[in-house]
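S.K.: Next up is a structure, given as structure tokens.
Since every read-out is calculated from the coordinates, none of them should be taken as a lab result. Keep in mind it's a predicted model, so treat the numbers as computed, not measured. In this analysis, Cβ positions are derived from the backbone assuming ideal geometry, glycine residues included, and neighbour counts consider all displayed protein chains.
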Amino acid sequence: MGRWPTKSACRIVRGDYPPGTILPNEAKWSETFNVSRSAVREAIKMLMAKSLLASRPKIGSWVEPKERWNLLDRDVLAWYATAPDREVFLKTVQEFRHIIEPEATAFAAMRRSDEQMAEISQACREMGQATSLQERTRADTRFHLAILRASGNDLLVPLGVLIGSALDHLFAFTTRRSSDDLQHAQKLHEAIEKNIRLQRPDRRAAMPCASCSPTPMTVSDGRGGSGLGSRAFRSSASCHPSVASDRRR
């Protein structure tokens, strides 16, 4: 995607042009960004396809309400996750994961194939063997996406885009992650892998486990400080009741 569509989209997402704002005409956009009018038209079409903009003859293009934005689109997620209120966005994604992933994990335990189990197990091992936080984050993403695929529900798989984007951007804004945190998170992931491998679903998995320990992560607000302060994100893995019960065994 070209730089100009990205710049214009970021301006929309960060609130430079609030919902309902009528955008400058093609000539003004072309002059402001030093691009051709045909490039402006193509960019507007692209942003309309992602539901950020709407357009009508004699009116022009305007910014759509945020609830209409296609947040399952990778580009929109990337723009949204770099907006000034990205901490709110990332927290929202984590809450979404708490709703979806526990039940998906239970379904995976019942439905996974041997090949899918191998994929989950490999991703879990690679998390433990990673030599950098970036490598670990990539393996973590593969782990959770493999579980969604193994759940056997086709509607869950597209949601992996949201989970993958969240993990990528959590890594991008992470300023500190202690070895104790990583070891704790690894044990939780290994417990989930074990439950799926032994085909031990827990029907209570639809509800997060409030008693499980959170996995803290400090997220930068882009100004050198901690955007979340003491508020910690929780890994959806740490809130899976079957994991909690497995740890008590």
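S.K.: Expected output is a single nm value to one decimal: the length gained when fully extending between Ala118 and Asp85, i.e. 0.36 nm times separation in residues minus the C-alpha distance. What is it? Intermediate results must be reported in sequence, preceding the final value.
M.R.: Values: separation 33, 0.36 × 33 = 11.88 nm, distance 3.81 nm.
Contour length minus Cα-Cα distance gives 8.1 nm.
S.K.: What order do you get for 16-24, 189-197, 87-95 when each peptide is scored by the mean count of other beta carbon atoms within 10 Å, highest first?
M.R.: Ranking, from highest mean packing down: 189-197, 87-95, 16-24.
S.K.: Now for a different question. So what are region 39-194's ellipsoid semi-axes, whole angstrom, largest first, if each one is the square root of 5 times an eigenvalue of the alpha-carbon gyration tensor?
M.R.: 34, 19, 13
S.K.: How much length is gained on full extension from Thr21 to Val157, taking 0.36 nm per residue of separation minus their Cα-Cα distance? Intermediate results must be reported in sequence, preceding the final value.
M.R.: Numbers: separation 136, 0.36 × 136 = 48.96 nm, distance 3.45 nm.
My answer for the length gained is 45.5 nm.
S.K.: Continuing with this model, one more query. Using modelled amide H (1.01 Å from N, peptide plane; none on Pro or chain starts), what sits under 5 Å from the amide H of Thr21, excluding residues fewer than 5 places away?
M.R.: Val63
S.K.: Using 0.36 nm times the number of residues separating Arg3 and Ala49, minus their current alpha carbon distance, what extension gain do you get? Mind showing how you got there, number by number?
M.R.: Numbers: separation 46, 0.36 × 46 = 16.56 nm, distance 1.76 nm.
Taking Arg3 through Ala49 to full extension adds about 14.8 nm, to one decimal.
S.K.: A further question on this structure: Could you work out, for region 1-106, what percent of all Cα-Cα pairs fall into each 10 Å distance bin, beginning at 0 Å and stopping at the bin that holds the largest distance?
M.R.: Using 10 Å bins, I get a P(r) of 14, 44, 27, 11, 4, 0 for region 1-106.
S.K.: Taking a point 7 angstrom from the Cα of Arg37 along the C-beta vector, which residues in region 46-76 have backbone N less than 16 Å away?
M.R.: Those under the cut-off are 57-61.
S.K.: Mind giving me the nanometre distance, one decimal, between the label points for Met110 and Lys28, set 7 Å out from Cα along Cα→Cβ?
M.R.: Here the modelled spin labels are 5.6 nm apart.
S.K.: Among the lysines, which fall within straight-line cross-link reach of Lys7, defined as a Cα-Cα distance under 21 Å, with same-chain neighbours fewer than 8 residues apart omitted?
M.R.: Lys28, Lys45, Lys50, Lys66
S.K.: Lys and Arg at +1, Asp and Glu at -1: add these up for the other residues within a Cβ distance under 10 Å of Gly15 and post the number.
M.R.: That works out to +1.
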